[in-house]
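Trainee: Encoded as structure tokens, here's the structure I'll be asking about.
The values are calculated or read from the model by the stated rules, or taken from the named source; none is laboratory data. For clarity, every value in this text was computed on a predicted model and none was experimentally measured. So basically every Cβ, Gly included, is an ideal-geometry build from the backbone, and we count neighbours across all protein chains shown.
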Amino acid sequence: MAVLNTRANDAPKTNFSFADRNLSVNGSSWLWAVTAVMGLTFLGFLAWTISRNKQPKTGHNTNNHHGKKTPQSDGFVDDNHTGVTSTTTSATGLTQERVFHYLFTIAAFIAFISYFTMASNLGNTPIRQYMNNGRDESQTRDVFYVRYIYYVTAWPLVLTAVLLLSGVSWATLLFVVALQEIWVVSWLCGALVSTSYKWGYFAFGVFAYIVLSYLLLTWGMKQSGYIRTKKTYTLFAGLLVVAWALYPIAWGLSEGSNKLSVTGENIFYGILDIVAIPVFGSLFLFLVSKRVGPEVARFTQTGRVHDNDGYSGHNSHLSNIGHSSGVNTGHSTGLTNNGNTTGLGHNNNDVNNGHHTGVNNGGLHNGHNQVSSGAPGIPGSHV
């Protein structure tokens, strides 16, 4: 028991800071608590990711073909019989898709490492402060630059996960991520400046955040309507914009005006970061797994090599989504047998075994014509 009593948080003493305003022992203890939260979040997301690699032994398709909302869909299947089922889902696809889990797992891992560094009173540097310095022009404050390394590497992953729900083009996604990077780097530059010019960098960052938020809530929302994910996308884009709106306040009170103590700064940022990764990420992964079909973000189900076992009787119905199985003109809608889909031509003898061959007595030619003369389906990316 005596040994336990002698154990104390000696990180601020071991990794001594020469700044006048530095991290207290209580502040370090708070950061260790956040580190534990980030570590548990990382391990939880990692286990969740690995568990989704297990393929269920079923070829059952949960699609609803009567224009009703499916239990695992943000939108509706087609009521006008155009053949477009943009967000219908399957048990196999939802169980196996892992792209969102990959993104949040890495983001949580980065957060874990970053908070370990800050709790250890590392990753900081003393910067002279010109405001609220007690009339001591030489007063210095510890600025944790490692926090900005965390934001510039982890936040793009969170932003990418949200934008994948919208269906925007890759060019738009990269543009929005670049704005987020400009935002964070601008604030890092401002935090390292010891004069009033720091507020210029703060303004650059706020402007980038405003443009980013505008794109999320306009272009992204519009595009998500085309792939029937608008409800889910709007929820998470809105939450992200609101959560990030508090960061300018934290910066202005800490690295900007030197109003908050270094410990108060880390408490403020720590609460925001817990909301941004563990809370937001858990809610995102849980709801997206329930609402969004695999055809919206089908990156990790098949791999680079097509596995016959993964297609025949299990995933074969997914391979045709958005190509020929999703479009028909009323001649032949395609019949399913144990998960294998018949070709969508005028000739009902065109049966493929999950490999989408569709060649029989000119069936491939007819199937092609049928797709081209069918309903326009889902509009392509507009942004």
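Trainee: So, in the stretch 32-51, exactly how many residues are buried (at least 21 other Cβ atoms within 10 Å of the Cβ) and among the aliphatic types (A, V, I, L, M)? Spell out the reasoning first.
Mentor: Pass one, the stretch 32-51, residues buried (at least 21 other Cβ atoms within 10 Å of the Cβ): 34-35, 38, 41-42, 45.
If we keep only those that are among the aliphatic types (A, V, I, L, M) as well, we get 34, 38.
Going through the stretch 32-51 one residue at a time, the tally reaches 2.
Trainee: If you check 184, 206, which single one turns out to be surrounded by 21 or more Cβ atoms within 10 Å (Cβ to Cβ), assigned to a helix (DSSP H, G or I) and of a type outside the set (Phe, Trp, Tyr)?
Mentor: Values: 206 fails: surrounded by 21 or more Cβ atoms within 10 Å (Cβ to Cβ).
Result of the check over 184, 206: 184.
Trainee: Only one of these is part of a helix (DSSP H, G or I), β-branched (Val, Ile, Thr), under 20 Å from residue 223 (Cα atoms) and in contact (Cβ under 8 Å) with a residue 40 or more places away in the chain: 168, 162. Name it. Even if it seems obvious, please write down each step before you answer.
Mentor: Working: 168 fails: part of a helix (DSSP H, G or I).
None of the other options fit; the residue is 162.
Trainee: Any residue at all in the stretch 247-254 that is over 24 Å from residue 125 (Cβ atoms), assigned to a helix (DSSP H, G or I) and at pLDDT 95 or above?
Mentor: First, the residues of the stretch 247-254 that are over 24 Å from residue 125 (Cβ atoms): none.
Scanning the stretch 247-254 turns up no residue that is over 24 Å from residue 125 (Cβ atoms), assigned to a helix (DSSP H, G or I) and at pLDDT 95 or above.
Trainee: Have a look at 196, 261, 254 and point out the one that is touching a strand residue (DSSP E or B) at 6+ places or on another chain (Cβ under 9 Å) and surrounded by fewer than 19 Cβ atoms within 10 Å (Cβ to Cβ).
Mentor: Details: 196 fails: touching a strand residue (DSSP E or B) at 6+ places or on another chain (Cβ under 9 Å); 254 fails: surrounded by fewer than 19 Cβ atoms within 10 Å (Cβ to Cβ).
Among 196, 261, 254, only 261 is touching a strand residue (DSSP E or B) at 6+ places or on another chain (Cβ under 9 Å) and surrounded by fewer than 19 Cβ atoms within 10 Å (Cβ to Cβ).
Trainee: Inside the stretch 199-253, can you point out the residues that are more than 14 Å from residue 163 (Cβ to Cβ) and touching a Lys or Arg at 6+ places or on another chain (Cβ under 7 Å)?
Mentor: The answer is 253, and nothing else.
Trainee: If you don't mind, there's one more thing I want to ask. Which one of these is among the aromatic types (Phe, Trp, Tyr) and without any contact (Cβ under 8 Å) to a residue 40 or more places away in the chain: 145, 130, 201? Before you say what the answer is, go through the steps one by one.
Mentor: Values: 145 fails: without any contact (Cβ under 8 Å) to a residue 40 or more places away in the chain; 130 fails: without any contact (Cβ under 8 Å) to a residue 40 or more places away in the chain.
So the residue among 145, 130, 201 that is among the aromatic types (Phe, Trp, Tyr) and without any contact (Cβ under 8 Å) to a residue 40 or more places away in the chain is 201.
Trainee: Related question: Please verify whether residue 288 is β-branched (Val, Ile, Thr), within 22 Å of residue 40 (Cβ to Cβ) and either in contact with a strand residue (DSSP E or B) (Cβ under 7 Å, 6 or more places away or on another chain) or at pLDDT below 95 (or both), treating the condition exactly as stated. Quick ask: steps written out before the conclusion?
Mentor: Working: β-branched (Val, Ile, Thr): yes; within 22 Å of residue 40 (Cβ to Cβ): yes; either in contact with a strand residue (DSSP E or B) (Cβ under 7 Å, 6 or more places away or on another chain) or at pLDDT below 95 (or both): yes.
Considered against the rule, which asks whether it is β-branched (Val, Ile, Thr), within 22 Å of residue 40 (Cβ to Cβ) and either in contact with a strand residue (DSSP E or B) (Cβ under 7 Å, 6 or more places away or on another chain) or at pLDDT below 95 (or both), residue 288 comes out as yes.
Trainee: Of the residues in the stretch 209-235, how many are outside any helix (DSSP H, G or I) and either in contact with a Pro (Cβ under 6 Å, 6 or more places away or on another chain) or not basic (Lys, Arg) (or both)?
Mentor: First, pick out the residues of the stretch 209-235 that are outside any helix (DSSP H, G or I): 218, 227-229.
Then keep just the ones that are either in contact with a Pro (Cβ under 6 Å, 6 or more places away or on another chain) or not basic (Lys, Arg) (or both); that gives 218, 227, 229.
Qualifying residue count for the region: 3.
Trainee: Has the stretch 152-170 got at least one residue that is crowded, with 21+ Cβ neighbours inside 10 Å and farther than 30 Å from residue 230 by Cβ?
Mentor: no
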